[in-house]
Amino acid sequence: MLKNLDPLLNADILHALRAMGHGDEIVVCDANFPAESVARATVLGKLLRMDGVDSARAVRAVLSVLPLDTFVESPAMRMEVVGDPQALPNVQREAQVEVDHAEGREVRFAPIERHAFYARARNAYCVIATGETRGYGCFIFKKGVILAPDAPLGVHGGA
């Protein structure tokens with residue numbers, strides 16, 4: 001165990017999060033997502049796991065150390081519900097609470113159509129599979145930066 005680190009962040013996940021650079025994307029997905037095959041196409045090339053936890057809890061752990069990108073309009077994305085793109089299932093509402101809490105501000109999820117989500121996920125840095133059994137517990141996050149105190153702010157209030 002390490003002080004001040006979420007215990008869900010195992011060595012492999014911490015390594016991946018630290019290795020990611022500004023603008024790289026990470027996928028946090030549910031148990032129904034084709035995680036293994038998608039993960040093989042990512043930069044990391046292997047699947048990371050957080051078994052036994054739901055998507056919201058995994059999002060909390062990841063965002064406890066990962067800053068979201070403030071240069072883009074939508075650094076947090078969610079998979080759209082097929083046939084009802086405006087729907088926001090409970091699993092996504094729960095994750096939204098975690099995102100807003102981690103950022104200290106509202107950061108609304110941008111919806112992505114299911115097949116477009118799969119395609120984007122293949123280009124991500126890595127994929128973390130959770131034990132989430134509810135559908136649509138799939139998210140993509142774009143990594144931001146941590147600024148030095150005297151660094152100039154970007155257009156969205158950050159780097």
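Where a number appears in this text, it was derived from the coordinates with a stated rule and is not lab data. Only a predicted model underlies this, so the values are computations on that prediction, with no experimental measurement involved. Cβ atoms come from the backbone with ideal geometry, glycine included; neighbour counts cover every protein chain shown.
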Would you mind stating whether Arg57 is basic (Lys, Arg) and within 15 Å of the chain's Cα centre (by Cα)?
yes
Candidate set: region 22-38, residues that are among the small types (Gly, Ala, Ser) and under 14 Å from the mean Cα position of the chain (by Cα); chosen: the one farthest from Ala129 (Cα to Cα):
Gly23
Can you tell me how many residues in region 60-92 are of a type in the set (D, E, K, R) and within 12 Å of Cys138 (Cα to Cα)?
2
Return the pairs, sorted by first residue and then second, in which the second residue is part of a loop (DSSP other than H, G, I, E, B) and of a type in the set (S, T, N, Q), the first residue lies in region 1-25 and is under 20 Å from Leu47 (Cα atoms), the beta carbons are less than 7 Å apart, and the residues are 6+ apart or on different chains.
Asp6/Ser64
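When you check Ala35 against the structure, is it among the aliphatic types (A, V, I, L, M), within 22 Å of Asn90 (Cα to Cα) and touching a strand residue (DSSP E or B) at 6+ places or on another chain (Cβ under 7 Å), yes or no?
So Ala35 passes the test.
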So which residues in region 117-137 are surrounded by fewer than 18 Cβ atoms within 10 Å (Cβ to Cβ) and part of a loop (DSSP other than H, G, I, E, B), if there are any at all?
Asn123, Gly131, Thr133, Arg134, Gly135
